[in-house]
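Just below is one structure, and these are the notes that go with it.
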Amino acid sequence: MINKIKSFFKNFNAKALFQNQVVKNILTVGIATLLIKFIGFYKESVVAANFGLSEILDTFFIASLVPGFIDTVFLGAFKNVFIPSYVAELKTTNSISSFQTTGFLVTGLVSVLFMIIAFVFTDTYVENFFAGHTQEYYSMIKSQFRYLLPCIVIWGFSSLLSGMLNIYGEYKYSSYGSVFVPISIIACLFLYRDVFGNLVLAFGTLFGSILCFLYYLVLCLKKKILKLSKPNLKSSNARLMFAQLPAKISSGFLTGMNGVVDQYFAAQLVLGSIAAINYGKKMPAFLIGLLAIAITNVLLPYFSKLVLNNRGKSFETVFKMMKITFWGGAVFAILGIIFTDFFVEFFFQRKEFTAEDTKVVSNIQKIFLVYIPFTIAGTINVNFLTSINKNAFMAYVSFGALVLNIILDYILIQYYGILGIAICTTVVVILKNVIMFYFTFKESKKTGVTT
């Protein structure tokens, strides 16, 4: 292992790397994301100071679970199949404005459909899935949920607009959109806490989401990217997009269910356990998000173009990028584990967030940090597999990961309590990414590529 690391750094050509346009784009997005992540961390420290590991925060996380799940699973899945098909459509003589309209039409219909489903079934879902709480607890969830419900449509259109910006190389500008939600929440906590009371986090999320959508819309209009016309649902690339959508949605649904399962088991423990799990994910999410957002925004359009032009080179590129990001992620993970106690205390321990809360969150966070290199390298692999339309395979892997997650959560929570959930998540994430890497490796052999 040590010899491999030495060999990696010996053969590492930094000058050539930073002259690469793809790397420049990733760094551009990464720097913008870093600034936004710091604002997000400050937002989390303000939220922690106001609520600690409390019932209010637990109910907000539960209220945002379904809208966030729909956004990640269904709307995010559509964006991921939309981009490769859009890139392919650009190479045809068809009207790209027609394809854009198709994308917005599908996004709007799917968003409204799931808004209605979420609204109709939320009462039943909350009281049965998170049974054993007071009516006041359920009332707090439902009241916050009503503010978060419109975000489903807003996030859907924002996701599509940001994807189009990335396709046309506007990576830096598209990255700034995510700053509006944390700034809005911070402003609401400082200025309108007394006005909105327990609804302040939900309202801040809604208002920030609206600002984000308007930002993307104005930017697309200014860059003359947005061009709408009569939709053509029968074009070859539209049909390919629709054919890939069920598998991508299934994969995203099964992956997203892992978070739902974790929150379900956490809800069986003491109050504040859901908040503790979410805070425990903050540093891993920061480090993963910093690289994963940059990687996803840049590499999905890039791989989609490269696969069409040179399939063999695309495999060589993905393996090279995975090696670099895995070792880089490993360094970040080790540093994160070493300094976890300090960071949790520095960012969160004040007012309602006690020293005991810091201890709980730090232990959870150390476990989650272990999967960072696997997740970051795996993000590159997922984008690549999406670009070559291997969504069905990812759906099968996600199903197996979900089943394993349920089994391990049930077993480990008996022995380790809330730490068992963190251990389970880490094991499942690592296994899932290793299996997908092996699949990509096997696919590469069909093109004669050696890693």
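I need a count of the residues in the range 332-353 that are of a type outside the set (A, V, I, L, M) and either assigned to a loop (DSSP other than H, G, I, E, B) or open to solvent by 80 Å² or more (accessible area, probe 1.4 Å) (or both). Let's see the steps before the verdict.
Here is the first cut: in the range 332-353, the ones of a type outside the set (A, V, I, L, M) are 332, 336, 339-343, 345-353.
Filter once more, keeping what is either assigned to a loop (DSSP other than H, G, I, E, B) or open to solvent by 80 Å² or more (accessible area, probe 1.4 Å) (or both): 332, 339, 342, 345-346, 349-353.
Count: 10.
Restrict the check to the range 146-156 and report whether at least one residue is in contact (Cβ under 8 Å) with a residue 60 or more places away in the chain, of a type outside the set (S, T, N, Q) and over 29 Å from L217 (Cβ atoms).
For the range 146-156, residues in contact (Cβ under 8 Å) with a residue 60 or more places away in the chain, of a type outside the set (S, T, N, Q) and over 29 Å from L217 (Cβ atoms): absent.
Output the number of the condition that G169 fails; it satisfies all remaining conditions of (1) more than 30 Å from V87 (Cβ to Cβ); (2) surrounded by fewer than 18 Cβ atoms within 10 Å (Cβ to Cβ); (3) among the small types (G, A, S).
Failing condition for G169: (1).
So, in the range 220-240, how many residues would count as being within 16 Å of Q100 (Cα to Cα) and not in a loop (DSSP other than H, G, I, E, B)?
7
Can you tell which of G259, G252 is buried (at least 21 other Cβ atoms within 10 Å of the Cβ) and under 30 Å from L34 (Cβ atoms)? I'd like the intermediate steps shown before the answer.
Numbers: G259 fails: buried (at least 21 other Cβ atoms within 10 Å of the Cβ).
One residue alone meets the criteria, G252.
What is the one condition in (1) within 30 Å of S45 (Cβ to Cβ); (2) among the β-branched types (V, I, T); (3) open to solvent by 20 Å² or more (accessible area, probe 1.4 Å); (4) within 18 Å of the chain's Cα centre (by Cα) that V360 does not satisfy?
(4)
Looking only at the range 133-147, which residues are open to solvent by 60 Å² or more (accessible area, probe 1.4 Å) and in a helix (DSSP H, G or I)? So that I can check it myself, show each step before the final result.
Initial filter on the range 133-147 (open to solvent by 60 Å² or more (accessible area, probe 1.4 Å)): 134-136, 139, 146-147.
Selection gives Q135, E136, S139, R146, Y147.
Just to be sure before I move on: is F384 surrounded by fewer than 19 Cβ atoms within 10 Å (Cβ to Cβ) and either closer than 29 Å to S251 by Cβ or touching a strand residue (DSSP E or B) at 6+ places or on another chain (Cβ under 6 Å) (or both) in the structure I sent? So that I can check it myself, show each step before the final result.
Working: surrounded by fewer than 19 Cβ atoms within 10 Å (Cβ to Cβ): no; either closer than 29 Å to S251 by Cβ or touching a strand residue (DSSP E or B) at 6+ places or on another chain (Cβ under 6 Å) (or both): yes.
Taking the combined requirement at face value, the residue does not satisfy it.
Being of a type in the set (A, V, I, L, M) and either part of a loop (DSSP other than H, G, I, E, B) or in contact with a strand residue (DSSP E or B) (Cβ under 8 Å, 6 or more places away or on another chain) (or both) is the filter here, so list the residues in the range 387-414 that pass it. Even if it seems obvious, please write down each step before you answer.
At the first step, the residues of the range 387-414 found to be of a type in the set (A, V, I, L, M) are 388, 392, 394-395, 397, 401-404, 406-408, 411-413.
Within the range 387-414, I388 is the sole residue that qualifies.
Collect the residues in the range 192-208 that are aliphatic (A, V, I, L, M) and surrounded by fewer than 16 Cβ atoms within 10 Å (Cβ to Cβ), keeping them in residue-number order.
Filtering the range 192-208 down to residues aliphatic (A, V, I, L, M) leaves 195, 199-202, 206.
The answer is V195, and nothing else.
The values are calculated or read from the model by the stated rules, or taken from the named source; none is laboratory data. Please read all numbers here as calculations on a predicted model, not as lab measurements. A quick note on method: Cβ atoms are made from the backbone with ideal geometry, for glycine too, and the neighbour counts reach across all protein chains shown. Note: accessible area is taken over every heavy atom of the protein model, side chains too, but ligands, DNA and RNA are not part of it. Shrake-Rupley method; radii C 1.70, N 1.55, O 1.52, S 1.80 Å.
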